[in-house]
Amino acid sequence: MTRAEVVIDLEALRHNVSLLVERASGAESMAVVKADGYGHGAVPVAQAALQAGVTWLGSCSLDEALTLREAGIDAPILSWLDGPAEDFSAAVAAGVDVGVSSVEQLRALSGARVHLKVDTGLSRNGCPPARWAELVRAAAASDNEVYAVWSHLACADEPGHPSVDLQAKAFDEAYDIAREAGLTPKRHLANSAATLNRPDLHYDMVRLGIAMYGLNPLRQKEDLRPVMSFRSEVALVKRVSAGSSVSYGHTWTATRDTTLALVTAGYADGVPRLLSNRMDVWLAGARRPIRGRVCMDQVIVDCGDAEVSVGDEVVLFGSGARGEPTATEWAETIGTIDYEIVTGMYRPRVRRRYVG
C-alpha cells in the first residue's frame, strides 16, 4: 500500500520547458532547481530540463550545485546565495559559477567565474547601488572572470506594476557602470513571469523557476502543465450515523448517515492543518470533502453514499484536468503561494515517483 507519494511527470516538465524556451526571444535559459528542484527532485528535473533545451542550471547554494555535478551533470551552473565564509575552492574545481553581491564576498574568490548581482529594488540579496561602482572596479581588477551582471524582479507577476520598469532602468544603469569599469558581461534579469510577459527584459538569459514546474505566476492563461501530483490510498472505510463527530475537537458533525474514508496523509506529510474542513480530495471519480481537523498522519473524507474501498487511490492535489484540487487551490485557500505547497512536499516519509 502507498502511504503517501508525490508523482513527478517529467514529460509535463519537458513540455513546460520547451514552451518557455520558445518564449525566451532567443536568449539562453536557466532552469532553477534550487530547494531540490522546488520539491520535485533537482537531479531528474535538471536532466529533463536540459533535454528540453535549457542551457544553464541555477542553484541557491554551492552544496546544491555540487550535488548536480556529483550526478554527472556538466552543464553550466550558477550558485548564488553563499556567504563570504564559504570555501569556494570547490566551486572553482567543479566549474560552478558564483553569484557575488559584495566586495567582501569577491575577496573570498580566486580564479572563479562570477555573476555580479546588483540590488535594483528588491532589497534582498545584491549589491546596493551606492557600492556597485566599487564592486565592479574590484571585480575588474581581480583574477576572477566576470561572466554576467544580474538582478531579480520583485513584482514581475503583477503586469503593469511600476516597480518593474524602475528596476529595469536601475539594471541598465548598473550595466553601464560595469562597462565603464572595463567589463563586458552578459545580462540576466527575467524570472518566470518576465519570461512570459516582458520580452524586452530577456537580455542574454532568462531564469525559469515556478513556471517550469507548471504553476503559472500570472493570471493570464498559459499552456503550462503541473508537474507534481500528491496521492495516497484509502486505509479504512466505515459507516457512521447522523450525529457522529469527526477528529480532534469535534469540529464537524455528520448531519446524516454517511460513509467515511480514512486516508493516510496528514500534516507530517505536507497537508496543511489550515485546510481542516476546507479541502476536497479526488476519490472514486469525484471531489469529496475532508471532514474534521487534518491530523499529523491522516485525514477523513466524507463519501456520502458512494461506494469506496480500502486501497482506492486518493488524489490530494494534481493537475486539475479531471476536476481534482490543485496545489494552487490549496495555496489560495490558506493564503499562501503554490511555491510553498510543492516545495514543502520534500518529506522523509513521502515517496517520490517519476513518470514520463
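Annotations
- At an R0 of 25 angstrom, the distance between the Cβ atoms of E180 and T55 translates into a FRET efficiency of 0.30.
- Calculated [θ] (222 nm, deg cm²/dmol) that DSSP helices of n ≥ 4 give over the chain, each run adding -39,500 (n - 2.57): -8000 deg cm²/dmol
- Amide H to amide H distances under 5 Å link V100 with H115, L116, K117, where only residues 5 or more positions off or on other chains count and H is placed in the peptide plane.
- Amide H contacts under 5 Å for L57: A31, I77, L78, restricted to partners 5 or more places along the chain or on a different chain, H placed in the peptide plane at 1.01 Å from N.
- Residue exposure sequence - I8, I177 - by fewest surrounding Cβ within 10 Å: I177, I8
- Expressed per residue, the C-alpha convex hull volume of the stretch 10-213 stands at 105 Å³.
- Cα→Cβ-extended label distance, 7 Å offset, between D204 and S123, nm: 3.1 nm
- Distance from the stretch 291-314 to the stretch 1-25 (C-alpha centre basis), Å: 28 Å
- L274 versus V43: modelled label distance in nm, points set 7 Å from Cα along the beta carbon direction: 3.4 nm
- Phi-based couplings in Hz for the stretch 215-228 (Karplus 6.51, -1.76, 1.60; Gly and Pro marked x): 10, 7, x, 10, 7, 5, 6, 9, 7, 9, 10, x, 8, 9
- For the stretch 102-204, the spread of Cα positions along the three principal axes, ordered from largest to smallest, is 40, 24, 22 Å.
- With the convex hull drawn around the C-alpha atoms of the stretch 228-355, the volume per residue stands at 102 Å³.
- In this structure, A133 and D74 have a Cβ-Cβ separation that, at R0 = 41 Å, corresponds to a calculated FRET efficiency of about 0.70.
- For F317, the residues whose amide H sits under 5 Å from its own are F230, ignoring neighbours fewer than 5 places away on the same chain, with H placed 1.01 Å from N.
- Inter-centroid distance (Cα atoms) of the stretch 242-259 relative to the stretch 169-206, Å: 57 Å
- Stretch gain in nm, segment T253-R107, where the contour uses 0.36 nm per residue and the Cα spacing is subtracted: 46.1 nm
- Gained length - I337 relative to T2, 0.36 nm times residue gap less alpha-carbon distance: 117.9 nm
- Translational diffusion coefficient (Stokes-Einstein; Kirkwood radius from C-alpha pairs) of the chain at 37 °C, 0.692 mPa s, in µm²/s: 149 µm²/s
- In straight-distance terms, cross-link reach from K186 covers every one of the aspartates and glutamates whose alpha-carbon lies under 13 Å from its own, apart from those fewer than eight places away in the same chain; here that gives E28, E145, D172, D176, D204.
- The phi-based Karplus calculation (6.51 cos²θ - 1.76 cosθ + 1.60; θ = phi - 60°) puts the 3J(HN,Hα) values of the stretch 279-295 at 10, 10, 10, 9, 8, 6, x, 7, 6, 9, x, 6, 10, x, 6, 5, 9 Hz, whole numbers, x for Gly and Pro.
- For the stretch 69-161, the alpha-carbon coordinates run over 42, 33, 21 Å along the three principal axes, in decreasing order.
- In sequence order, calculated HN-Hα J values of the stretch 232-249 (Karplus, 6.51, -1.76, 1.60; Hz; x Gly/Pro): 8, 9, 6, 9, 7, 10, 8, 9, 10, 8, 3, x, 6, 9, 10, 6, 4, x
- log10 of Debye I(q)/I(0), alpha-carbon scatterers only, for the stretch 164-233 at 0.11, 0.26 Å⁻¹: -0.39, -1.15
- Least to most buried among D200, D269 (fewest other Cβ within 10 Å first): D200, D269
- Computed FRET value (nearest 0.05) for A94 with L166, which takes r as the C-beta separation and R₀ as 45 Å: 0.75
- With the simple spin-label model, which puts each label point 7 Å out from Cα in the Cβ direction, the A306 to R351 separation comes to 2.3 nm.
Since every read-out is calculated from the coordinates, none of them should be taken as a lab result. On a predicted model such as this, the values are computed, not experimentally measured, just so you know. Reconstructed Cβ throughout: ideal geometry from the backbone, glycine too, with neighbour counts over all protein chains shown.
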